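Novice: This is the structure I have questions about; it appears just below.
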Amino acid sequence: MGRLLLDSGKLAEALDYLHRETELNEKLYAADPDKAQWNSTLIESQTLLGDILLKMGEPSAALEHYRRALTVSQKHYPNPIALEDRDYLANIHLGTGRALMTGGDIANGLKDIRQGITMREEIAAADAANVWHRPDLAQAHGYLGSHWLARVARCRWSWPRARNRCRWAAQRRRAQEPHRA
């Protein structure tokens, strides 16, 4: 429900809903911290809360939620193997980096975003046939302002017509900026 409210642009309502959901998830997690379902729902709700707070212009509050999600994630998934677990971790690093950069800590923010991009690239390479990983990778490159890389990442593994358009766009971009060729 919180994600639906967020997607419809109702940030205040989504924030209220997710605060309540996160409180419930914290109670479930406290009652049985080894249950995988409680771990993943707590990580997801904390990350989503961070996303909403960041959109609302509150990077320090968002950072608290991202760090809580990272703490739970690292405790229960120290060496994540499953793509879903690595996806959670990549989202956390990207959100943490964006919150740090918005708050003024550019160096640490870039470090976290680069770590998130590396994870996104690993996910995309591990499941290369799944085109749904490409928009996530493109979005991650966009956080660094690497719009050229974002466009290339978005276009890889797409259907042939779109891929040809992207090749054309990449060639055009390289022609405009020869130092990147």
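Novice: Among what's in segment 45-75 and is surrounded by fewer than 20 Cβ atoms within 10 Å (Cβ to Cβ) and among the acidic types (D, E), pick the residue that is farthest from the chain's Cα centre (by Cα).
Specialist: For segment 45-75, the residue satisfying everything is E58.
Novice: Taking segment 1-25 as the search range and keeping residues that are open to solvent by 70 Å² or more (accessible area, probe 1.4 Å), touching a helix residue (DSSP H, G or I) at 6+ places or on another chain (Cβ under 6 Å) and of a type outside the set (D, E, K, R), which one is farthest from H65 (Cα to Cα)?
Specialist: In this case the residue turns out to be M1.
Novice: Anything in segment 121-141 that is assigned to a helix (DSSP H, G or I) and either polar (S, T, N, Q) or under 19 Å from A61 (Cα atoms) (or both)? List them, or say none. So that I can check it myself, show each step before the final result.
Specialist: Here is the first cut: in segment 121-141, the residues assigned to a helix (DSSP H, G or I) are 121-126, 133-141.
Once the filter is applied, which keeps residues that are assigned to a helix (DSSP H, G or I) and either polar (S, T, N, Q) or under 19 Å from A61 (Cα atoms) (or both), segment 121-141 yields only Q139.
Novice: Same structure again: Say we look at segment 102-154 and pick out the residues that are basic (K, R) and open to solvent by less than 30 Å² (accessible area, probe 1.4 Å); which of these is modelled with the lowest pLDDT?
Specialist: First, the residues of segment 102-154 that are basic (K, R): 111, 114, 120, 134, 151, 154.
Checking which are open to solvent by less than 30 Å² (accessible area, probe 1.4 Å) leaves us with 120, 134.
Details: R120: 85, R134: 71.
Here the answer is R134.
The values are calculated or read from the model by the stated rules, or taken from the named source; none is laboratory data. This one's a predicted model, so the numbers in the text were calculated from it and none came from an experiment. All Cβ positions, glycine included, derive from the backbone under ideal geometry; neighbour counts span all protein chains shown. Keep in mind that these areas ignore ligands, DNA and RNA; they rest on the heavy atoms of the full protein, side chains included. Shrake-Rupley method; radii C 1.70, N 1.55, O 1.52, S 1.80 Å.
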